[in-house]
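Undergrad: Have a look at this one before I ask anything.
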Amino acid sequence: MSILIVGEKPSVSRAISAMVGASSAHKGYTEGNGYIVSWCVGHLVGLKFPNDYGNGWEQRFRHKVYIKNVELTKLI
């Protein structure tokens, strides 16, 4: 049984393949040393929407400072 590793893009998967010893290249994946390394195009994870954090998210995030110099920012 092989372990599947999915990278964010081909270049990341090539680097992972080199690290785990998956050196046999195929169309869309590499394999070897008990690993299959493939990739997707685009981000695999992202931030949740605020409402996904459940009730009370406003209070948890109210005291966080995300932008240190508001004067240096602008809306685009």
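Undergrad: Sticking with the crude label model, points 7 Å out along Cα→Cβ, report the distance from residue 24 to residue 1 in nm, one decimal please.
TA: Between residue 24 and residue 1, the simple spin-label model gives 2.0 nm.
Undergrad: Next question, about the same structure. Please list, in chain and number order, the residues 5+ apart from residue 36 or on another chain whose amide H is under 5 Å from its amide H, with Hs placed from the backbone.
TA: Here 3, 4, 5 satisfy the definition.
Undergrad: How far is it, in nm, from the label point at residue 59 to the one at residue 11 when both lie 7 Å from their Cα along the line to the Cβ?
TA: Label-label distance for residue 59 and residue 11, simple model: 4.5 nm.
Laboratory data are not the source of any read-out in this text; all were calculated from the coordinates shown. What you see is a predicted model; the values in this text were computed from it and never measured. In this analysis, Cβ positions are derived from the backbone assuming ideal geometry, glycine residues included, and neighbour counts consider all displayed protein chains.
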